[in-house]
Each structure stands twice: as C-alpha cells, then as structure tokens.
Amino acid sequence: MTPRPHRARVGALSFAVSLALVGLPACGEDDTASEDTSTTESAPTSAATETTEATASAPTISDVWARTSPSGVDRGAAYMVITGGEADDELTGAAVSTEIAAKTEVHEVVMADSSMPATSMGGGGMETTMPAAESTTPSMDGDAPATTTAPAMEMREVASIKIPAGEQVALAPGGYHVMFMGLVKPFVVGETFDLTLTFAKAGDVTVTVEVKDAP
Amino acid sequence: MRLIRTAVAALALVTLAAVGTACGEEDTAGPKAGSDHLPDKLAGVELDPAPDVTDATLPRADDGSAFSFVPEAGDVQLVYFGYTACPDICPTTLSDLRNALKSIGKTAAGHVRVAMATIDPRRDSSVVLSGYLQSFFGDGVALRTDDDSQLQAAATAFGATYEAKYPNQGEPQVSHSTYLYAVDHTGHVVVAWPFGTTAADMAHDLELLLHREKEGAQ
Ligand SMILES: [Cu+2]
C-alpha cells in the first residue's frame, strides 16, 4: 500500500519468485529449518542487504483489536493489519503475559468441506430420525443434495503467515486471528494489553491490543 | 478488514451457487456482493425449497422445556447453531446481528426472537451457553441437548451441519455451517445469512421480513 522504491519492489518480487521456485515448505513447525531457508534465500535480495535490516525491514502493525469475550468464555481472538517491511517475512508466533491468557496461537478459519459430517452427505440414518427433514434434504437428493446445506467452517492453528514485503495482510474475522486460550479474566471494552508478535526475520514486535465490541 | 469477510461470504455463495444451480437459485449470484439491495428483495440466501422446521424442536438450556422454532405471526425467529469456544465466527455473526437489531429500532427488534443451539454440548453447559448468548441478546433463548440424534435432527431440518471431535488430548476440533437462519410464522426458513453478511444487510432483511409478516397478518 505504501509507495515503495522500485528497486525494493523488484528485490521483493525476485525474493518471492525464488521462494516459489525453491518451494519453501509451508509453515514447518521447526523454526530453525524455515529460518535457515529464509536467510539463504534472502541474502541476494537488495532488501536484505540494508544495514538497518532489523528496524527498516520490520513489518508494521496497525488496527490491533480484540473482541470482548462473552461471560463464561475463556477464549478470545485478536485482529490486526500487518504491513510487510522491506523484505518478505513470516509471522511465526504470538504471545501474551500469563496474566492475560494461558496460551496464545495463530489460527485461521477454513472451509471444512473435506470433513463434512455424514448428515450433509445424505447419510442413511438421517431419514429415520428426522421427521422435519422430509421437506428439505430428501427432496433434494435427486439433483443437488447439498443445496440446502450451508458450507461448514472450522478453525485451526497455523505455523506461520507469510507477510510479503510491502503488502498488507489482514488478520480479520473469517480469516486469520490470534487466538487466546485460558483467559485469566474476560476481555472488557476499552481495556488494553500487550501482545508480542514473533516474525521469522524481524524478531519480536510488541503491540498494544484494544478490546472492542466490533472493529 | 471487511475484505476478508466479504471474500469468505462470496466464497460461501460461490460454493452454494455451484452446487445449487440445478435448483434455480437465480438470485444468489446477483445482489449479495453489494450492500444496496432492492427494497423488496432479500439480501441473504433464499433456500429453495425453503426448509420447513415446523416439527423441529430442541430443549431450552434453562428449563429443558421443548422449544419451537415457529414464531407467532408478526414475529421472526432467528436461529444459530454455534458454540461458545468459537472466538471468531460465532461472536462476529452475533455481534453483527446485535448491530442490525440496534439499527432497526426497539419496536421492530421486539418482534425478532433469537435462539442459539450449541453444537458442542460437552463443553457448553447450560449456564455457560445462556450467559454467552445473553451477553449479546438479553432475551436470547439458549438451546442445548446431550442427545446428539436430537441435535442432528434439528440441525438437518435447517440444513445446518456440524461436527465435533474430541481427541483424548489436545483441542477439540469443531466445524459447523455458519448460516444464521430466519424462520417465519409458517415455520419456513425464509432467509439464511452466510458468515460475513453485514449488519446493514441483516437489518434490511429483517425489516423486509417484518413488513411481510405485518402484511400477512392483515
Ligand atoms: Cu481460533
């Protein structure tokens, strides 16, 4: 989004291309492996030769917020916009004080089409247990059984999120979120807390999260 | 931020349109992407045929009594299948609905009933579920059963799906369809809002549905 020098863009692009060619394993759990790859790959790019790499290449983070957590729920999620720095980077982790939550992970929400439960596939048991379904699913069995069935979604942990140089990556509802488990106390509107994001290259970046009802 | 939700909603619609072409979903592709809908046309998805949920029922979490999804004439019943350990999809949809109800005003909102059924009864006790829903809607009705066949029956009547896996260790894996359903007094699901439907679109549809209910009552 931010206007960037042409040279850096080319560097970033070739970096991205070389990554693609190498076929960087998507989000391996072991950080060392992916860091090694990144370092090797980024060495020839113009961006990585900047001497002020640590600061100049760090992604910037804006619009950081977490949704209020309903009573009785010990989970929460935070959202933000991450703008890539000089070089491609990856968000590899997130952490908060144990005074806030027991565990913090980076999650994504995906379509769960592959794991559709039997109900949606017109499973045998359904017709017998379901008087109310007669007007819906069975009548659709002929040509398009799935029409009245909404697509399912689920969330899962991701090992990393790619943050391409100069590009904006949104962590937003329905996509990526930073997930908190074991909240010590509910998130209340107006409260703030520190969240430390770990990037493969830029290292740790701490941001302030504001609790809101909506973005 | 909106982009992603729109994209997800669009993806959901594309998926739906892809499987639904045979059933004449002629209006799913058109107006959903924008926010300016014709006053007499619903912004959400009109399932065809509209599911009949007259015979579906689930126990109320508070007293265990059987809850009917069919509202009185003049009212609209909204139904959501979700779970409280869902920090992303569920609260986003419920919060958008809360904004929609605010925007249509107290009188109209008084004719909209909200119910949420947990698809994760192992973790959602009655108390947790009721507290969760009522933090969004003071008079929301929480629905809960330990009998999975009963829950399946109700969900299937709507065309909703869910799956909860509880591994011996680690996080339970829960997936669920993310539509918010609106039921009219005839017991039919008249519109379903995919995840990502804006509060403005929900408000638009609620006003239209309440208007239809009013006309039907005369
Ligand atoms: Cu999550």
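The packing ranking, built from the mean of other Cβ atoms within 10 Å per residue, places the peptides B:80-87, A:100-107, B:106-113, A:87-94 in the order B:80-87, A:87-94, A:100-107, B:106-113, highest first.
Which order do the peptides B:65-74, A:158-167, B:148-157 take when ranked by the mean count of other beta-carbon atoms within 10 Å per residue, highest first?
Final packing ranking: B:148-157, A:158-167, B:65-74.
For the residue pairs A:162/A:212; B:102/B:214; A:103/B:106, alpha carbon separations beyond 30 Å are given by A:103/B:106. Placing R0 at 60 angstrom, the Cβ-Cβ distance between residue B:123 and residue B:215 gives a FRET efficiency of 0.90 after rounding to 0.05. If amide hydrogens are placed 1.01 Å from N in the peptide plane, which non-local residues have theirs closer than 5 Å to the one on residue B:190? Placed amide hydrogens put B:182, B:183, B:184 under 5 Å from residue B:190. The mean number of Cβ atoms from other chains found within 10 Å of a Cβ in peptide A:63-76 is 5, as a whole number.
Couplings 3J(HN,Hα) for the range B:108-125, derived from phi with the Karplus relation 6.51 cos²θ - 1.76 cosθ + 1.60 (θ = phi - 60°), are 5, 4, x, 9, 10, 9, 10, 10, 10, 9, 7, 9, 10, x, 4, 9, 8, 6 Hz, where x marks Gly and Pro. Between residue A:63 and residue B:173, the FRET efficiency estimated from the beta carbon spacing at R0 = 22 angstrom works out to 0.15.
Sequentially through the range B:151-164, phi angles give Karplus couplings (6.51, -1.76, 1.60; θ = phi - 60°) of 5, 4, 4, 5, 4, 5, 4, 7, x, 8, 10, 7, 8, 10 Hz, Gly and Pro residues having no value and appearing as x. Summary value for the range B:142-218: 16 percent relative contact order, contacts being C-alpha pairs under 8 angstrom separated by 6+ residues. Averaged over the residues of B:80-88, the number of partner chain Cβ atoms lying within 10 Å of the residue Cβ comes to 6.
Placing a pseudo-label 7 Å from each Cα along the Cα-to-Cβ vector at residue B:102 and residue A:181 gives an inter-label distance of 3.2 nm.
Dipole size of the range B:61-215 about its Cα centre, with +1 on Lys/Arg Cβ and -1 on Asp/Glu Cβ: approximately 220 debye, rounded to the nearest 20.
Once A binds B, the 1.4 Å probe can no longer reach about 4200 Å² of accessible area, counting both sides.
FRET efficiency for the pair residue A:210 and residue B:200, taken as 1/(1 + (r/R0)^6) with r the Cβ-Cβ distance and R0 = 22 Å, rounds to 0.35. Compared with the direct C-alpha span, the chain from residue B:40 to residue B:65 gains 5.3 nm at full extension, assuming 0.36 nm per residue.
The values are calculated or read from the model by the stated rules, or taken from the named source; none is laboratory data. Nothing here was measured: the structure is a model prediction, and the numbers come from that model. When we count neighbours, we look across all protein chains shown, and the Cβ atoms used for this are built from the backbone with ideal geometry, even at glycine. Heavy atoms of the whole protein, side chains included, go into the accessibility calculation; ligands, DNA and RNA do not. Shrake-Rupley method; radii C 1.70, N 1.55, O 1.52, S 1.80 Å.
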